[in-house]
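J.: I'd like to ask you about the structure that follows.
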There are 2 protein chains.
Amino acid sequence: MTHLNAASSAFLEALAADLPADSLRQPEPRYLEEPRGRHQGQAAAIALPRSVQEVSSILRRAHHARVPVVPYGGGTGLVGGQVSSEGPLPLLLSLGRMKAIRGIYPQENVLIVEAGAILADVQAAAEGADRLFPLSLAAEGTAQIGGNLATNAGGVNVLRYGNTRDLCLGLEAVLPNGEIWNGLTRLRKDNTGYDLRNLLIGSEGTLGVITAAALKLAPRPRHQGTALLVVPSPEAAIDLLALARDLIGEGISAFELIHKQGLQFVADHLPDIRQPFDTAPEWCVLLDLGLPEGRDPESDLITLFEQAMERDLVSDGVIAQSLTQSQEIWSLREHIPEANKHVGSIASHDISVPISLIPDFITRAGMALAKLGDMRINCFGHLGDGNLHYNVFPAKGRSRDDYAPLRGEISRVVHDLVADCEGSFSAEHGVGRLKVGELERYGDPVKLAAMRAIKQALDPHGILNPGAVLRAG
Amino acid sequence: MTHLNAASSAFLEALAADLPADSLRQPEPRYLEEPRGRHQGQAAAIALPRSVQEVSSILRRAHHARVPVVPYGGGTGLVGGQVSSEGPLPLLLSLGRMKAIRGIYPQENVLIVEAGAILADVQAAAEGADRLFPLSLAAEGTAQIGGNLATNAGGVNVLRYGNTRDLCLGLEAVLPNGEIWNGLTRLRKDNTGYDLRNLLIGSEGTLGVITAAALKLAPRPRHQGTALLVVPSPEAAIDLLALARDLIGEGISAFELIHKQGLQFVADHLPDIRQPFDTAPEWCVLLDLGLPEGRDPESDLITLFEQAMERDLVSDGVIAQSLTQSQEIWSLREHIPEANKHVGSIASHDISVPISLIPDFITRAGMALAKLGDMRINCFGHLGDGNLHYNVFPAKGRSRDDYAPLRGEISRVVHDLVADCEGSFSAEHGVGRLKVGELERYGDPVKLAAMRAIKQALDPHGILNPGAVLRAG
């Protein structure tokens, strides 16, 4: 990588001359804050282009001036990919003004949208055409689809519909040199050259700026069914998933594992959230079905519950009798991250391991952490994908600051164990700036060398999101 | 790209010394033949390694000596990606000895297999674990899974299960410099860096040699249903697909359009293949269902047929009453390519367009070709994916040689029209060597420049499959 220059006043003035009047401004503080408060960002200005041509002008000038550019979506990323605190002062690039739905093709199950559209608005646009855009995650009211693509976001429906990567057919993007790639195809099959689309998806704004996407829609399930089932163990939860798949086929949209600790945090800090059980069970599973016309999810869930009871895979449970009850169950699941915030974690881990190794991982991680001290663990997440949020909290009555000296060791223990299970230290949140060291430690060295070669090839001056994913040169 | 050297005797001797005794030999003629006889290949020798380490030794030496290496799978590719006839004499690299199933994980729906395994053997291994590996295509008895991955093969089940790309979780591969990338993960979610897996998949052996893959399995459908339905037009076929999706949900595994011309070619040249209709209908659709326990495909197909009759979407049809009848219907579909071979096409096109534009494309292409002369068109394929095999044949009583002067123009007309519909000139077969010019003509220039930069970054000497996908430097 070559030497980068700060975004100077001269640079900003020249850039302002390229763009309409109100395209550059001082960034509001929210653009410089990392959601979990891990570090403070810096930026000379924020650019707010209205078109792919304007994004191209910005990158072209930054490329020639060797000025760092940090792309900013909804700002909900949890690994610092959107917040730069080191190196020459960068330009922030928000796609927030590019939020048009460019087209909906219900017959093709395709929607074309600009990168700045809020995820919830994309979902609503699909629903307006009687279709489903299945990406669903806690931050959907703020997150932008461009950021979801840049980070290959996951969420609760991955089990059935895949990650964001799997929901994208084509991209329009601006490469680091300012060139516009028009890859906005609606095709299901196109084998004409290297897969630039998937290379940009998940590259966290380091290889190009996604400006629009052709997204896959799905038929809208006609009937939803939701259950919260008490399971004796994570092993039983995995067997329950297999049984559910045998009985219900592809209709299972979500399969979420919840630990007692999460329910207790919600009870302690969000007492208005309704809890379905008098005593929080050690483990439970949220199961969600979306079925076509002519199928009855409630009866499927009752059959599943009965067969699971016979096999000792569940001991208790509630099956939603109405949309309101379904929403109540989901609300409980969705408020766990907020309750976690109230408690204040020592360390959070967004890990995945092969599904069959999950029970073993949970046991071993609990034992290893117990040796380090008295802590509370809230382990929850997308069991069907092998993806757990493994978050570590202070013992009752103590503060996270008490554990500050242990924090590095805690994450090391968890991530070493993940590596031992051939798992991933970042299942759905990405690498950003917070996990660059983890990638260097746990990543395959040959893959890392290939990544550096690709970064150098597409962004020879290293202007795009320097320090994210790969250490700045 | 730098200058390449032919695989000399000195190079082969040094290579032989690195490898076990019988690892190098003269290639049998079949390794130098392109299946449609478009050109004749050349090679100094064929290497048959038994392990990823041996593949690494071969590429390391070729990289240092700047000797071209052409990876060879099952040899069934239709675009010349495996047959090199130009440039310094290359080394062929067959993965045929690396065909072990390394592991099956039914609980995780994962199978790990080496690249040289025959696709049909991979399907059988999955079935042995009561699972489905859904990739299915005419050449499955010969094609190797490594070649399927390198070309991102499609086939008849893409509608439901996706392309080969969508069926792969992880790869082991050797990069052009001989380094081994261990990316053989069984994880469903892993956001730790650039998507090297999808970059190698579909790169047709130009960026790395895939040596093993972790593949996704699916639950094995318990009940199959097959129908061949006569539709009045391609428009009606598209509406029929929408109706089928509404009624049957995700259970539709294949939806194939067949034109009268294909049925007639089969009747003329393969008279033993049973034809279900006395008079070949202008258009018909093969619909295949795979349903879980408790569902009855025959009754679903009858309901679909009745509702489609009411809406004038079908006029006649047969619904298989037994596995034998289902196989008979499939046999008819699967013998169309063989019948085509007997007739001898002037030009074949593996194209895709957005699904809603298919009827328009078929009409316009037919009119445009009629202006060029008297020809027969066999248009068939994977309608649900927007993918048609649009093959052009001589008029009855004439030979393909009569049309030789027209061949370039025919393909130009078809591909120009595809481009006008924002389609692809290679939906599932890839670029290989036969379509390099098409990629240069129709491909996005910014994407092409990015592809060349990536090729240069990962294969600076250009040793891997030179002349495939990108013109040799």
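The values are calculated or read from the model by the stated rules, or taken from the named source; none is laboratory data. Being a predicted model, the structure only gives us computed values, none of them experimental. Positions of Cβ are backbone-derived with ideal geometry, glycine not excepted, and every protein chain shown enters the neighbour counts.
J.: Collect the residues in the stretch B:435-450 that are assigned to a helix (DSSP H, G or I) and closer than 15 Å to residue B:81 by Cβ, keeping them in residue-number order.
T.: The answer is B:436, B:437, B:438, B:439.
J.: Looking at (1) farther than 30 Å from residue A:81 by Cβ; (2) at the interface with chain A (Cβ under 7 Å from one of its Cβ atoms); (3) not β-branched (Val, Ile, Thr), which is the one condition that is false for residue B:212?
T.: Only one criterion in (1) farther than 30 Å from residue A:81 by Cβ; (2) at the interface with chain A (Cβ under 7 Å from one of its Cβ atoms); (3) not β-branched (Val, Ile, Thr) is unmet by residue B:212, namely (2).
J.: Okay, next question. If I go through the stretch A:439-454 residue by residue, how many of them are within 8 Å of chain B (Cβ to nearest Cβ) and more than 18 Å from the chain's Cα centre (by Cα)?
T.: 11
J.: Sort through B:315, B:322, B:345 and tell me the only one that's hydroxyl-bearing (Ser, Thr, Tyr), within 30 Å of residue A:244 (Cα to Cα) and away from chain A (no Cβ under 14 Å).
T.: Just a single option satisfies the conditions, and that option is B:322.
J.: Yes or no: the stretch B:455-464 includes at least one residue that is at the interface with another protein chain (Cβ under 8 Å from one of its Cβ atoms) and acidic (Asp, Glu).
T.: Within the stretch B:455-464 (the criterion being at the interface with another protein chain (Cβ under 8 Å from one of its Cβ atoms) and acidic (Asp, Glu)), the answer is no, since none of the residues qualifies.
J.: Based on what the data block shows, is residue B:432 surrounded by 20 or more Cβ atoms within 10 Å (Cβ to Cβ), modelled with pLDDT of 95 or more, farther than 23 Å from residue A:187 by Cβ and within 20 Å of the chain's Cα centre (by Cα)?
T.: no
J.: Out of B:102, B:97, I need the residue that is touching a residue at least 24 places away in the same chain (Cβ under 8 Å) and within 14 Å of another protein chain (Cβ to nearest Cβ). Which one?
T.: Only one candidate passes the filter, namely B:102.
J.: When both residues are 6+ apart or on different chains and their Cβ atoms are under 7 Å apart, which pairs have a first residue that lies in the stretch B:346-366 and is free of Cβ contacts under 8 Å to residues at least 60 places away in the same chain, and a second that is in a helix (DSSP H, G or I)?
T.: Going by the 7 Å Cβ cut-off, the qualifying pairs are B:364/B:417; B:365/B:414; B:365/B:417.
J.: Moving on. Hey, among the residues in the stretch B:4-61 that are among the hydroxyl-bearing types (Ser, Thr, Tyr) and surrounded by 16 or more Cβ atoms within 10 Å (Cβ to Cβ), which one's nearest to residue B:84 (Cα to Cα)?
T.: Among residues in the stretch B:4-61 that are among the hydroxyl-bearing types (Ser, Thr, Tyr) and surrounded by 16 or more Cβ atoms within 10 Å (Cβ to Cβ), the one nearest to residue B:84 (Cα to Cα) is B:31.
J.: Hey, among A:115, A:173, A:143, which residue is in contact with a Gly (Cβ under 9 Å, 6 or more places away or on another chain), buried (at least 23 other Cβ atoms within 10 Å of the Cβ) and closer than 30 Å to residue B:434 by Cβ?
T.: Residue meeting the stated conditions: A:173.
J.: Additional query: Can residue B:73 be described as closer than 17 Å to residue B:213 by Cβ and out of contact with any helix residue (DSSP H, G or I) (no Cβ under 6 Å at 6 or more places or on another chain)?
T.: In short, no.
J.: Could you tell me how many of the residues in the stretch B:165-181 are among the aliphatic types (A, V, I, L, M) and within 7 Å of chain A (Cβ to nearest Cβ)?
T.: 2
J.: Identify all residues within the stretch B:419-438 that are in contact (Cβ under 8 Å) with a residue 60 or more places away in the chain, touching a helix residue (DSSP H, G or I) at 6+ places or on another chain (Cβ under 7 Å) and more than 9 Å from chain A (Cβ to nearest Cβ); write none if there are none.
T.: B:421 - this is the single residue of the stretch B:419-438 that is in contact (Cβ under 8 Å) with a residue 60 or more places away in the chain, touching a helix residue (DSSP H, G or I) at 6+ places or on another chain (Cβ under 7 Å) and more than 9 Å from chain A (Cβ to nearest Cβ).
J.: Another one. Conditions: (1) of a type in the set (D, E, K, R); (2) surrounded by fewer than 16 Cβ atoms within 10 Å (Cβ to Cβ); (3) under 28 Å from the mean Cα position of the chain (by Cα); (4) closer than 23 Å to residue A:229 by Cβ. Residue A:310 meets all but one. Number of the miss?
T.: If we test residue A:310 against (1) of a type in the set (D, E, K, R); (2) surrounded by fewer than 16 Cβ atoms within 10 Å (Cβ to Cβ); (3) under 28 Å from the mean Cα position of the chain (by Cα); (4) closer than 23 Å to residue A:229 by Cβ, just (3) comes out false.
J.: Let me confirm something: among A:184, A:207, A:159, A:199, which residue is touching a Phe, Trp or Tyr at 6+ places or on another chain (Cβ under 9 Å), within 9 Å of chain B (Cβ to nearest Cβ) and over 20 Å from residue B:458 (Cβ atoms)?
T.: The conditions single out A:159.
J.: Can you find a residue that is among the β-branched types (Val, Ile, Thr) and touching a Cys at 6+ places or on another chain (Cβ under 7 Å) anywhere in the stretch A:398-411?
T.: no
J.: Let me ask you something else. Being surrounded by 18 or more Cβ atoms within 10 Å (Cβ to Cβ), outside the structural domain of residue A:214 (by TED's automatic domain parsing), small (Gly, Ala, Ser) and out of contact with any His (no Cβ under 6 Å at 6 or more places or on another chain), is that true of even one residue in the stretch A:96-111?
T.: Yes.
J.: On the given criteria, is residue B:138 over 12 Å from the mean Cα position of the chain (by Cα), touching a residue at least 60 places away in the same chain (Cβ under 8 Å) and more than 10 Å from chain A (Cβ to nearest Cβ)?
T.: Spelling it out, it is not the case that residue B:138 is over 12 Å from the mean Cα position of the chain (by Cα), touching a residue at least 60 places away in the same chain (Cβ under 8 Å) and more than 10 Å from chain A (Cβ to nearest Cβ).
J.: crowded, with 21+ Cβ neighbours inside 10 Å and more than 22 Å from the chain's Cα centre (by Cα): which single residue out of A:365, A:347, A:395 fits that description?
T.: Exactly one residue qualifies, and that residue is A:365.
J.: Return only the number of the condition from (1) assigned to a helix (DSSP H, G or I); (2) touching a residue at least 40 places away in the same chain (Cβ under 8 Å) that residue B:286 does not satisfy.
T.: Unmet condition: (1).
J.: Which one is nearest to residue A:123 (Cα to Cα), of the residues in the stretch A:137-153 that are at pLDDT 95 or above and small (Gly, Ala, Ser)?
T.: A:141
J.: Checking residue A:220 against (1) under 23 Å from the mean Cα position of the chain (by Cα); (2) at the interface with chain B (Cβ under 7 Å from one of its Cβ atoms); (3) of a type in the set (D, E, K, R), which single condition isn't satisfied?
T.: Only one criterion is unmet by residue A:220, namely (2).
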